[in-house]
Amino acid sequence: MTEADSEKVDLRSEIPRFKPATPPAAFGEFVENMRRLQDLAVSIDAPDEVYAAAQEKTAELIELLAPFEAREGKGPANRSMQLPGRGSLLMPPWKVEKFDEESVVATGVLRRYHLGGGGVAHGGVLPLIFDDNFGMVVYAAKRPISRTAYLHVNYRKVTPLNVPLAIEGKVDRVDGRKTFITARLTEEDGTLLADGEGLMVQLLPGQP
Ligand SMILES: CCCCCCCCCCCC(=O)SCCNC(=O)CCNC(=O)[C@H](O)C(C)(C)COP(=O)(O)OP(=O)(O)OC[C@H]1O[C@@H](n2cnc3c(N)ncnc32)[C@H](O)[C@@H]1OP(=O)(O)O
């Protein structure tokens, strides 16, 4: 395998030194279509022929895209700050509203894809939102590159779908390599849905 080949197929990387991307509008529209597809994939109840047609169309899309799979940090997903969820399908489609040393605020809605049961968000989605916020807080506060050592979420109320939400996280205290972060997830009127605390530990040279 040549070096160029290994770059194409090796999806591992060290923790990324973040480089923002500015993709064309079509990328953002593609990601939003994919999000709509995710919502539909978890909610449809369709005739057999519709599933068969959907299978064919998605197979065509995979064939179109597969030749362009690239290693972490090359494509625009996850590093397009102007797009909801930084253009990453893993992330809920939230927008960063405030990003400075004082705090990081992101707002958005959770949608059908994020359903747990009983019409409200899956509990596992919340730690994802908190962890991502903690990562951005570390970055915005100009702390060294760190990884989450622990993350604690208190679920205070069920989190509704399709309702505007906000998370605000900030550095609580710093102790050597350790950055302790707190965050709150609220509805627009300030109702507290969940709060969280996390420890981000600065990576030492050579740590992945
Ligand atoms: C624009 C921006 C976009 C970018 C936005 C991107 C956002 C994405 C952010 C995602 C971030 C992640 O999810 S990262 C992925 C999830 N996390 C991981 O996979 C981490 C896996 N764990 C590890 O790699 C390691 O355990 C580390 C690096 C966390 C720590 O290991 P270490 O380097 O050997 O350090 P160690 O000596 O154990 O600990 C250092 C100090 O921290 C304390 N410590 C360590 N772990 C814990 C713990 N669980 N609970 C309490 N305390 C702990 C120790 O007691 C010690 O304190 P003292 O004795 O010094 O007082």
Using label points projected 7 Å from each Cα along Cα→Cβ, tell me how many nm separate L192 and V163, to one decimal.
1.7
Among A54, A194, A41, which one moves the most in a GNM of the chain with springs linking Cα atoms closer than 10 Å?
A54
In what sequence, largest accessible area first, do V153, V50 appear using a 1.4 Å probe?
V50, V153
Which of these, T186, T148, T58, has the largest mean-square fluctuation under a Gaussian network model of the chain (Cα springs below 10 Å)?
T58
Output for the range 51-141: GluC sites (Glu not before Pro) sitting in coil per DSSP, at most 13 other Cβ within 10 Å, listed by number, reads E69, E101, E102
Here the FRET efficiency for T148 versus A70, based on Cβ atoms and R0 = 25 Å and rounded to 0.05, is 0.45
I'd like to know which of F134, P93, S80 lies farthest towards the positive end of the charge dipole of the range 56-159, counting +1 on Cβ of Lys and Arg and -1 on Cβ of Asp and Glu.
F134
Roughly how many percent of the accessible protein surface of the chain is carbon and sulfur, given a 1.4 Å probe and a whole-percent answer?
56
Once every Cα of the chain carries one equal point scatterer and solvent is ignored, give the base-10 log of I(q)/I(0) from the Debye formula at q = 0.10, 0.14, 0.18 Å⁻¹, two decimals.
-0.52, -0.97, -1.35
Using helices alone, what [θ] at 222 nm do you get for the chain, with -39,500 (n - 2.57) per DSSP H run of 4 or more residues, divided over all residues and rounded to the nearest 500?
-9000 deg cm²/dmol
Given K95/K157; K19/K98; K95/K170; K142/K170; K98/K170; K74/K142, the pairs whose alpha carbons are separated by over 21 Å:
K95/K157; K74/K142
Non-local residues with an amide H under 5 Å from the amide H of N78, with H modelled 1.01 Å from N and Pro and chain starts lacking one, are G87, S88
With all protein chains present and a 1.4 Å probe, the order of F99, F134, F27 from largest accessible area down is F99, F27, F134
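The values are calculated or read from the model by the stated rules, or taken from the named source; none is laboratory data. Note that the structure is a prediction, hence the values are computed from the model and not measured. Methodologically, a virtual Cβ is constructed for each residue, glycine included, from the backbone with ideal geometry; neighbour enumeration extends over all protein chains shown. For the accessible areas, the whole protein counts, side chains as well, though only heavy atoms, and no ligand, DNA or RNA atoms are used. Shrake-Rupley method; radii C 1.70, N 1.55, O 1.52, S 1.80 Å.
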